[in-house]
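Beneath this line is the structure, given in structure tokens, with notes to follow.
The values are calculated or read from the model by the stated rules, or taken from the named source; none is laboratory data. Since the structure is predicted, the reported quantities are computational estimates derived from the model, not experimental observations. So basically every Cβ, Gly included, is an ideal-geometry build from the backbone, and we count neighbours across all protein chains shown. To get the accessible areas, we keep the full protein, side chains included, count just its heavy atoms, and leave off ligands, DNA and RNA. Shrake-Rupley method; radii C 1.70, N 1.55, O 1.52, S 1.80 Å.
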Amino acid sequence: MDEGQRAGRPCPRCGTPMYHRHCKYVCPNHGVIYDCADTFY
Ligand SMILES: [Zn+2]
């Protein structure tokens with residue numbers, strides 16, 4: 001299992017599917033967009 005391969009939400013800025021790494025969403029273009037400190041998932 002490689003959870004980094006699963007597309008989560010699209011980036012709100014560029015629409016690229018973000019990586020869901022642990023408790024963070026990471027855009028390949030923008031870096032970390034959300035993390036587990038935010039009540040957003
Ligand atoms: Zn982006």
> Across the stretch 20-34, which residue is modelled with the lowest pLDDT among those that are under 8 Å from the mean Cα position of the chain (by Cα) and not β-branched (Val, Ile, Thr)?
Replying inline: Tyr34
>> Return the pair list, or none, for Cβ contacts closer than 9 Å from residues in the stretch 16-33 that are within 8 Å of the ligand (Cβ to nearest atom) to residues that are among the polar types (S, T, N, Q) and open to solvent by less than 70 Å² (accessible area, probe 1.4 Å), at least 6 apart or on different chains.
In response: Cys27/Thr16; Pro28/Thr16; Asn29/Thr16; His30/Thr16
